[in-house]
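Inspection log for the structure reproduced underneath, given as structure tokens.
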Protein chains: 2
Amino acid sequence: MPDTVKHVGTPAESQLSLLPLLTLDCIILGFHEDQLRVLLLRWKGTQEWSLPGGPVRKDESVDAAAHRILKERTGLDQIFLQQFHVFGDVKRYEREEIREKLKHVVDPEKWYERAVSIGYYALVDYSKVTPMPDAFTEECQWWDIQEIPPLLFDHNHMIDAALRALRMQLSWQPIGYNLLPDQFTMPELQRLYEMILGRTLDPRNFQRKILALGIVDRLEARRKGGAHKAPYLYQFNKARYEALLTEGNLSFS
Amino acid sequence: MPDTVKHVGTPAESQLSLLPLLTLDCIILGFHEDQLRVLLLRWKGTQEWSLPGGPVRKDESVDAAAHRILKERTGLDQIFLQQFHVFGDVKRYEREEIREKLKHVVDPEKWYERAVSIGYYALVDYSKVTPMPDAFTEECQWWDIQEIPPLLFDHNHMIDAALRALRMQLSWQPIGYNLLPDQFTMPELQRLYEMILGRTLDPRNFQRKILALGIVDRLEARRKGGAHKAPYLYQFNKARYEALLTEGNLSFS
DNA sequence: CCAAAAGTGTTAAAGCTACACCCATGT
DNA sequence: ACATGGGTGTAGCTTTAACACTTTTGG
């Protein structure tokens, strides 16, 4: 964790080693208290929020840059990361307005004229994340996906696009495997799918389907301590899950 | 057609107005004689082939650049184009070897140190395309997807990735609508799906499914002139097709 | 008349949808 | 004891997979 910050640097000191005009932004998704959440950053001295992101260095691949940024913001290595779109419009944002808002953080002279940004979404285990701001920001926090405020740049649009991509790729990506802790209950898994799909599912049909796929194993233990009947705990059966995903056979209808 | 060439320009004259280090490459797919085909370019004075592509200009969006390049190579406007991946490795190709091979076409001093390339696939009606080489190449030709030669850069890898993306998006994209001519037969449509999926389908089940979806209308006429029994002609029912696609309900199993 | 491709129907199995009640636990 | 959420079975319907023969046409 201590060595995450040294990568950041000020714009001045690292400018020379960056790929010009190419940045990336990450939609980091977690799941907590039955809600999908996104990690957002608040810029120093403002109430303005944005997605975590940054430039690509000359000596690293684009994917490596995404992993670096993820590591810096969450403390996690080995994150599930998926490129989903390139945002390449000429005027991706109202430059003047944003320059003005952030002038005490970023020297307005140093703004790129234009930047093409590669969008990634990341699926992380909420409970393992330690949110950390970067050099330009002073707060890094989870936001409920339903309650995202207006963000800087085109970042609201990026989040929408990421969720659409995630939905489309639901049957090809190890969604549950990455978003849930090692052990979880069937209702938790169901609500995760419901959040992503944006509709409710029948618990009997859901359980039958998941069990028939064989992607989870029921454990002996139940989750104790909550009010109400103690639910069974499950674990993903990784081998089985990956076998099905390579065939794209995890569709939900 | 005459005004497609004026966009090309030599590297020298247009260098200043380009986004540095950002290029794109297009996998242009057509369907002819029961085969999926890709449009490739042969570099001047060599036997080396590559995908059509090029840099992004400072005053155009990335998507606009892709449409421009498509128009230049095929003569077609309004092409179906889909971004599918960013190729961002530091060493995407063996620079030295390729510089050497192409030194009589591109001044080795002018090679970028590194370029990040955005991959697009395009689905076109083979019969409407007029292949046209660009400023660096002298031949533009369709190649059977099964018989692609070793290409420059990482372009063989790009084609593989495009086909994987196409397969994954089969139930969300208007594949047939863009790859087939206005009128087509059921066996043609079936073989298109077979080519993309890489396996054979049962003709009875295929026909039943397509007709049940209602995405095509059978015409009065049959295709005459071939040997053997004359097949019915069909047309896409565009409205119905798009309605199903927005729900992702065109899966093939 | 022969070879090659087009066109079609049936049956069994699997998967999907819809639906309602009892159980366990903490307060 | 009650409120809350967890857990399960069944019946009807739809969808899928597997399978083979007849028709048309040109050569």
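Remarks
- Loop-exposed GluC sites (Glu not before Pro) per DSSP, neighbour cap 13 Cβ within 10 angstrom, longest uninterrupted part of chain A: A:114-253
- Once backbone amide H atoms are built at 1.01 Å from N, A:HIS85 has A:GLY119 as its partners under 5 Å, excluding neighbours fewer than 5 places away on the same chain.
- Length gained when the stretch B:ARG95-B:ALA221 is fully extended (0.36 nm per residue, less Cα-Cα span): 39.9 nm
- Proximal lysines to B:LYS209, defined as alpha-carbon separation beneath 21 angstrom and excluding residues fewer than eight positions away on the same chain: B:LYS238
- What the pair-distance distribution of the protein assembly as shown shows, using all Cα-Cα distances binned every 20 Å from zero, is 20, 49, 28, 3 percent.
- As a length-normalised measure over Cα pairs under 8 Å and 6 or more apart, the relative contact order of the range B:96-162 settles at 32 percent.
- Helix-only [θ]222 nm of the protein assembly as shown, DSSP H runs n ≥ 4, -39500 (n - 2.57) each, per residue, nearest 500: -8500 deg cm²/dmol
- Net charge of neighbours whose Cβ lies under 10 Å from the Cβ of A:ARG92, counting Lys and Arg as +1 and Asp and Glu as -1: 0
- Restraint check, B:LYS58/B:LYS128; A:LYS44/B:LYS91; A:LYS91/B:LYS44; A:LYS58/B:LYS101, Cα-Cα greater than 27 Å: B:LYS58/B:LYS128; A:LYS44/B:LYS91; A:LYS91/B:LYS44
- Subtracting the Cα-Cα distance of B:ARG204 and B:THR130 from 0.36 nm times their residue separation leaves 23.1 nm of extension gain.
- Ranked B:ASP182, B:ASP134, criterion: other C-beta atoms within 10 Å, fewest first: B:ASP182, B:ASP134
- Computed about its Cα centre, the charge dipole of chain B is approximately 840 debye, with only Lys, Arg, Asp and Glu carrying charge at their Cβ.
- For the pair the range A:132-160 / the range A:183-253, the C-alpha centres are spaced 29 Å from each other.
- Chain A, relative contact order [Cα under 8 Å, separation at least 6], %: 22 percent
- For the range A:146-253, applying the loop criterion from DSSP together with a ceiling of 11 other beta carbons within 10 Å to the trypsin sites (Lys or Arg not before Pro) yields A:ARG199, A:LYS224, A:LYS229.
- Spin-label model, B:ASN237 to B:ASP77: label points 7 Å out along the Cα-to-beta-carbon direction sit 3.0 nm apart.
- For B:ARG199, inter-copy separations between label points set 7 Å beyond Cα along the Cβ vector come to 2.7 nm, shortest first.
- Taking 7 Å steps out from each Cα toward its Cβ at B:LYS44 and B:ASP107 produces label points 1.4 nm apart.
- Whole-number D in µm² s⁻¹ for chain A, Kirkwood Cα-pair radius fed into Stokes-Einstein, 10 °C, 1.306 mPa s: 81 µm²/s
- With the simple model of a label 7 Å out from the Cα in the direction of the Cβ, A:ILE148 to A:ASP160 spans 1.0 nm.
Values in this text are rule-based calculations from the coordinates and carry no lab data. Just so you know, these numbers come straight off a predicted model, no measurement behind them. Neighbour counts are summed over all protein chains in view; Cβ atoms, including those assigned to glycine, are modelled from backbone coordinates with ideal geometry.
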